[in-house]
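Every number in this text was worked out from the coordinates using simple rules, so none of it is lab data. Small disclaimer: the values here were computed from a predicted structure and weren't measured. Virtual Cβ from ideal backbone geometry, glycine too; neighbours counted across all protein chains shown.
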Amino acid sequence: MKVGTDGVLLGASVDVSNAVSALDIGTGTGLVALMMVQRNNNLHADAIDIDANACEQARGNFSASPWPGRLKVFHSSLQEFFLHEKTYDLIVCNPPFFINSKRPSHAGRRIARHSDMLPLSDLFQYSSRMLTHNGKMTVVFPYSDKNMLLTEAAGYGLYPSHILYVRHNRESEFVRIVVTFVTEVSGITERELDIETGKRHEYTEEFKKMVRDFYLYVD
């Protein structure tokens, strides 16, 4: 689970323009945190993960990047990290998706993919209390669980301001949403993104434009 499309979508689409502090929850190898600081020269990002091996990889990736001074990794759960009483302009998360499905045998994949350690209630409860006054939170999630996601977030005072609907191509169903939440009810802007043109590995111009700065080769 080094680099996945979900993480790339989140890191490439999240609005980092006005943020100076960010928190990446469940950072894994540090992908999303790295993408955010690459896109905003004023941004400093903290990254947390409950998996020690993931933290070690993220720490190595941060050190090898051009921005080691603007990235920090903490081996911690969100519930524990909340006790540090830090606040952020931007919080991002590529959260565990699978609530009732069969659990992988590999411990790292089980932690990364299942919600046992980070239920949505905890994710939104603690994140809402760690945002600055005009702070935002952005998550990537399955399209099929959109209503559950929005309902859970609203229960902790987080409301959608932007939703990106993602599908493999124009003929397929939507598979992911990237949702930005704010702390006050506002109008919602929505847009769609097709990853491929319809041919396997033939990417749309919009997707190539979004990710070009992060891949060695995009065609």
Region 1-51 - residue that is over 21 Å from F207 (Cα atoms) and β-branched (V, I, T) and, of those, surrounded by the most Cβ atoms within 10 Å (Cβ to Cβ): T27
Please determine whether any residue of region 25-32 is assigned to a helix (DSSP H, G or I), under 15 Å from I91 (Cβ atoms) and of a type outside the set (F, W, Y). yes
Region 166-219 - residue that is outside any helix (DSSP H, G or I) and of a type in the set (F, W, Y) and, of those, surrounded by the most Cβ atoms within 10 Å (Cβ to Cβ): F181
Which residue pairs have Cβ atoms under 7 Å apart, sit 6 or more places apart or on different chains, and have a first residue in region 125-143 that is charged (D, E, K, R) and a second that is assigned to a strand (DSSP E or B) and crowded, with 21+ Cβ neighbours inside 10 Å? K136/L90; K136/T180; K136/F181
Which count do you get for residues in region 17-43 that are out of contact with any strand residue (DSSP E or B) (no Cβ under 6 Å at 6 or more places or on another chain) and hydroxyl-bearing (S, T, Y)? 2
Any chance you could count how many residues in region 126-153 are of a type in the set (S, T, Y) and either farther than 21 Å from S21 by Cβ or not in a helix (DSSP H, G or I) (or both)? 5
